[in-house]
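Engineer: Before anything else, here's the structure in question.
The values are calculated or read from the model by the stated rules, or taken from the named source; none is laboratory data. Values in this document were obtained by computation on a predicted structure and should not be read as measured data. Reconstructed Cβ throughout: ideal geometry from the backbone, glycine too, with neighbour counts over all protein chains shown.
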Amino acid sequence: MKKKRNVYLKMKTLQEAKQIIFNQFQLSDRLKKELVPVSDAVGRILADPVIAATSSPGFHSAAMDGIAVHAPETYGASEARPKTLSIGKDAFYVNTGHVLPSGTNAVIMIEKVIEQDPPHVVIESPAYPWQNVRKTGEDIVATELLFPRNYEITPYCIGALLSGGIFSVTVKQKPNVLIIPTGSELVDFRRASLEKLQPGQIIESNSLVLGKLTESCNGSYQRHEIIKDDIANIRQAVREAVDGDFHMVLIVGGSSAGSEDYAKDVIADLGQVLVHGVTIMPGKPVIIGEVNSIPVFGIPGYPVSAIIAFEQFVGPLLCRMLGQPERERNTVQVAPTRKIASKLGVEEFLRVKLGVVGERIVATPSF
């Protein structure tokens, strides 16, 4: 039987394809909430705003080593008219972080204290109220908003959360992505023998690259065992995924126009194909589909195409699921080192090496 080849019909531009997936998948409400300890919350996205439960500091404390005093008792002190204070009566030794003794509201640095016969000390300049004092709530005030919903917790947030009396936070579930590598030529690296590798066989790597890219977008992934070019087995794997706990499925390989490229047919059999082919290079064969309201992508098998397809479609969709803005790359103006031919009507992504020549940054295209 003659095998049918896929044909690219009505290819979409990059912006058209993105708009289709953003309009089709309203996914922000699909992620469940999870309560996690603050110590495990770095990299997670808040599902609810976080309100401080306590003030920090929770008391007036010394900001310097020295003596705590009632500021008005020191007024008038000068080098010409020094004042003598009595330790334990109108002056109290404190270290940084100590609670201010009752009745005091300022700290004089120890370097400016002249010790006399115990228990007396001399000062030659006055203190003003709240000098060298960390007042209650200076950093955090109870009931204030610490972090809004959809905020990504960073290592720097941990101190603020704990200081504000927050020991656990409600975060969004990580989007769970199933990655299905397909292709009869693929070999699992865990069972690969370089000596026994046959011509035409390829060590499968795309699934791990895509998995780690998923994790970099605050998602989680599971890697399916390699499936040979068998449409029934691929269809079964996708059906089980969309009926399970996955929020997205990536079929890696089989998205192009070859006679054994089955991703399009699998998606069409189980749901609908929204886009097959985008006017970008690399990444033109990408497929965007929907099965049971779950986004299912056909990712090209060529490694650079797979990465571009992820960065342009999968990554932005994961960000939207989590209520995050699409991640933007840093940009810089460069001068090409040679002419770059381009195909009409195709948006090209070129890998380049950058260098500095004089005051210019130059870009040399890579293969």
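Engineer: So which of N150, N105 is under 46 Å from the mean Cα position of the chain (by Cα), among the polar types (S, T, N, Q) and not assigned by TED's automatic domain parsing to the domain that holds I45?
Structural biologist: N105
Engineer: Further question on the same structure: Quick test for you: out of P148, P129, pick the one residue that is modelled with pLDDT of 95 or more, within 30 Å of D90 (Cα to Cα) and of a type outside the set (S, T, Y).
Structural biologist: P129
Engineer: Also, I was wondering about something else. Just a yes or no: is a residue in segment 331-351 polar (S, T, N, Q) and either touching an Asp or Glu at 6+ places or on another chain (Cβ under 9 Å) or closer than 30 Å to I45 by Cα (or both)?
Structural biologist: yes
Engineer: Applying the selection to segment 153-193, what residues are assigned to a helix (DSSP H, G or I), surrounded by 11 or more Cβ atoms within 10 Å (Cβ to Cβ) and among the charged types (D, E, K, R)?
Structural biologist: none
Engineer: Can I ask one more? Across segment 274-322, which residue is nearest to E152 (Cα to Cα) among those that are among the charged types (D, E, K, R) and part of a helix (DSSP H, G or I)?
Structural biologist: Here the residue is R320.
Engineer: Strands (runs of 3 or more DSSP E) wholly in segment 4-100 with at least 1 residues that are basic (K, R), outside the structural domain of H276 (by TED's automatic domain parsing) and farther than 18 Å from K172 by Cβ - which ones?
Structural biologist: It comes to 83-86.
Engineer: Still on this structure, I have one more. Looking at this structure, is F349 within 19 Å of the chain's Cα centre (by Cα) and closer than 21 Å to K212 by Cβ?
Structural biologist: Spelling it out, it is not the case that F349 is within 19 Å of the chain's Cα centre (by Cα) and closer than 21 Å to K212 by Cβ.
Engineer: Next up: Pairs needed: first member in segment 330-358, over 25 Å from K284 (Cα atoms); second member anywhere, exposed (fewer than 10 other Cβ atoms within 10 Å of the Cβ) and among the β-branched types (V, I, T); C-beta distance under 7 Å; at least 6 residues apart or different chains.
Structural biologist: Matching pairs, first to second residue: none at all.
Engineer: Could you look through segment 331-363, keep only residues that are of a type in the set (S, T, Y) and closer than 25 Å to A309 by Cβ, and pick out the one that is surrounded by the fewest Cβ atoms within 10 Å (Cβ to Cβ)?
Structural biologist: If we take residues in segment 331-363 being of a type in the set (S, T, Y) and closer than 25 Å to A309 by Cβ, then T331 is surrounded by the fewest Cβ atoms within 10 Å (Cβ to Cβ).
Engineer: Would a scan of segment 248-267 turn up a residue that is surrounded by fewer than 18 Cβ atoms within 10 Å (Cβ to Cβ) and within 20 Å of C217 (Cβ to Cβ)?
Structural biologist: no
Engineer: Something else now. Being at pLDDT below 95 and not in a loop (DSSP other than H, G, I, E, B) narrows it down to one residue among K196, K264; which is it?
Structural biologist: Going through K196, K264 in turn, the sole match is K264.
Engineer: Right, another one. Which one is farthest from Y302 (Cα to Cα), of the residues in segment 199-213 that are free of Cβ contacts under 8 Å to residues at least 40 places away in the same chain, of a type outside the set (V, I, T) and not in a helix (DSSP H, G or I)?
Structural biologist: Here the answer is P199.
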